[in-house]
Amino acid sequence: MIHIEIQFHTNQYQACAWGNHHSEGVIDWPPAPWRILRAIVAGAYNVKLADKHQLTLKGILHKLASVLPSYTLPSVTYIQHRSPRPQVDLKTAQTGPGKTLYSAGLLMSSAQNVLHVHWSATLSEAEELVLSLCLSGVTYFGRKESVATLSLVEEAPESSAQPDPQGTRIVSIPDPELDPDTLWNALNLSAHENYGVNRSAVFPGIRQATYQIDTLKPQIQQEIWQKQNTITLAVSASPRLPFKLALKLTHRLHEVLVSRCPAPVFTGQEMGEPSKNHDHTIFQCVPDRTGRYIEQVKLYSRMGYGPEALAAIANCTNLFNVARGYVISLALADLGQKEEKFNQWISCTPFFLSRFPTVRRGKPRMLTEHYQKDSPEHQVLQYLQHLPWLNLQGHPIYQEHEEGLALIMDNAIAVIASCEPFPKFWEWESDCRQGKKVGRVGYRVTLRFSTPVTGPIILGYAAHYGLGAMAPMREWLGVKQPSAQNKVISVTATTLSTGNPRVH
């Protein structure tokens with residue numbers, strides 16, 4: 001067994017995955033075997049390896065290319081810096097906006113900044129000396145900012161990432177069928193020579209493999225720290241911040257938290273790839289008794305908030321650039337919340353559609369006799385099935401009900417949804433950088449579950465930022481409930497764009 005130890009002296013690893021543009025922010029993790037072999041070749045040139053040892057080096061590279069290594073990976077956090085580069089006009093000497101430089105990487109602690117690579121191969125004493133000499137010539141790994149040293153070690157900890165056909169991480173590997181000379185030429189080939197000079201669309205010698213990374217959490221941390229799932233922040237603003245500006249507040253708070261702690265609980269990403277669940281933070285503004293101004297902001301996450309995330313939240317005492325003329329201060333008000341179950345829920349913020357209702361040949365495509373497919377009620381019921389804490393599992397069936405559109409699970413009504421336009425929805429700030437919004441109509445949703453459920457319940461466009469949030473009906477008894485006579489049954493794409501829903 002061959003163990004290579006990689007120590008990152010700046011506690012950062014920056015390397016773009018093969019086949020991805022640097023602006024995509026996809027990190028090569030675990031480091032691809034192809035990258036490691038090319039680093040060994042670069043180290044050989046840096047130490048000026050004698051020509052008589054080149055044949056030995058080719059044999060080493062061929063042995064390493066014939067097997068897939070395993071890794072012992074340190075704990076890392078995804079980070080990404082975006083800095084605008086000004087554009088200078090040489091004629092007028094004026095400076096204007098230019099390109100944006102992207103720098104994505106992984107951040108690790110100083111106590112865990114070592115990575116181990118394990119190869120199931122055997123080297124002779126002479127081959128080990130040549131490999132050690134080549135590794136000593138490597139001064140960085142990945143991008144040049146990632147200063148690192150590579151060395152051979154006799155012992156290494158147990159691996160945490162292994163090759164797996166069902167794995168989720170794709171890495172580049174050398175073709176195991178290449179002979180030593182062909183492999184050497186492929187490892188020495190640059191992108192300019194292949195794409196620019198040779199005019200080849202395929203880089204020779206590269207294949208793909210998948211790895212599975214074990215996500216083992218330290219038991220000591222679990223015993224010492226009990227993660228909180230709900231955090232409440234008190235909001236004080238001068239002048240008082242209107243509730244219709246809730247999206248501006250939550251969006252700005254999210255930006256600050258990501259800049260201070262770029263953890264998955266805030267970013268909603270793993271190694272630059274968006275997560276496909278709702279485990280990351282959900283922001284929800286709570287109004288005062290009048291319902292006109294923001295009094296609190298609640299943060300909820302199923303994965304929980306650790307010490308670093310809590311520290312980032314506690315340090316958000318002041319928010320700037322939320323809205324012109326407002327000075328906003330935040331204070332930690334409560335940790336944790338008693339989970340209560342309720343049967344009836346109603347919208348406290350407008351629900352905006354994320355896709356148009358379905359039409360066919362210019363006519364609405366009907367889901368039932370009176371409800372259009374992807375109508376507001378249909379989209380509501382679909383979003384509810386993606387909230388795992390509601391336990392709406394099974395084959396969905398949609399049927400009309402006297403109170404709205406019903407979702408049938410296991411031959412029983414699970415929930416009934418009805419929609420009507422939200423009062424004065426056009427006054428709400430509803431433009432967010434994330435997500436897709438269609439139309440301009442915001443809806444008030446009323447839900448009635450057959451069994452009580454716990455929140456949060458979020459629906460539609462910008463749901464994680466507070467739009468489409470639901471509240472228990474007990475807290476909104478003063479709101480007029482939608483009736484069967486004025487509910488919106490079918491809305492076409494053309495009426496959504498004009499903001500005037502047409503009842504069918």
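The values are calculated or read from the model by the stated rules, or taken from the named source; none is laboratory data. In this text, all values refer to a predicted model and were calculated from it rather than measured experimentally. Cβ sites come from the backbone with ideal geometry, for glycine too, and all protein chains shown count toward neighbours. What goes into the accessible areas is simple: the full protein's heavy atoms, side chains included, and nothing from ligands, DNA or RNA. Shrake-Rupley method; radii C 1.70, N 1.55, O 1.52, S 1.80 Å.
General remarks:
- Qualifying trypsin sites (Lys or Arg not before Pro) in the stretch 346-422, DSSP loop, other Cβ atoms within 10 Å at most 12: 361
- Unit Cα scatterers, Debye sum, the chain: log10 I(q)/I(0) for q = 0.12 Å⁻¹: -1.11
- Out-of-range pairs (alpha-carbon distance over 24 Å; input 144/276; 276/424; 248/298): 144/276; 276/424
- Volume of the convex hull of the stretch 1-119 (Cα atoms only), normalised per residue: 168 Å³.
- Share of carbon and sulfur in the accessible heavy-atom surface of the stretch 90-175 [1.4 Å probe, %]: 53
- Expressed as a whole percent, the accessible area of the stretch 10-70 that falls on carbon and sulfur atoms is 51 (1.4 Å probe).
- Spherically averaged projected area in nm², based on the convex hull that wraps the Cα atoms of the stretch 316-357: 6.5
- The stretch 106-233, accessible area per residue, ligands and nucleic acids excluded (1.4 Å, Å²): 60
- Rounded Å value of the spacing that divides the Cα centres of the stretch 48-87 and the stretch 327-383: 48
- Its Cα gyration tensor gives the stretch 1-50 an equivalent ellipsoid. The semi-axes, each the square root of 5 times an eigenvalue, are 23, 14, 12 Å from largest down.
- Long hydrophobic helices in the chain, taken as whole DSSP H segments with a C-alpha length of 30 Å or more on their own axis and mean Kyte-Doolittle hydropathy at least 1.0, are absent.
- Translational diffusion of the stretch 48-177, µm² s⁻¹ [Kirkwood Rh, Cα pairs; Stokes-Einstein; 20 °C; 1.002 mPa s]: 116
- Helix-only arithmetic for the chain: the sum of -39500 (n - 2.57) across DSSP H runs with n ≥ 4, divided by the residue total, places the mean residue ellipticity at 222 nm at -5500 deg cm²/dmol.
- Accessible surface of the stretch 314-406, 1.4 Å probe, proportion on carbon and sulfur as whole %: 46
- Tail beyond 14 Å, pair distance distribution of the stretch 335-395 (Cα, percent): 70
- Of all lysines in the structure, those lying under 30 Å Cα to Cα from residue 91, and not within fewer than 8 positions of it along the same chain, are 99.
- Dividing the convex hull volume of the alpha carbon atoms of the stretch 108-204 by its residue count gives 182 Å³ per residue.
- The lysines whose alpha-carbon is closer than 25 Å to the alpha-carbon of residue 363, local same-chain residues fewer than 8 away aside, are 373, 436, 437, 487.
- √(5λ) per eigenvalue of the Cα gyration tensor, the stretch 312-434, largest first, Å: 35, 22, 13
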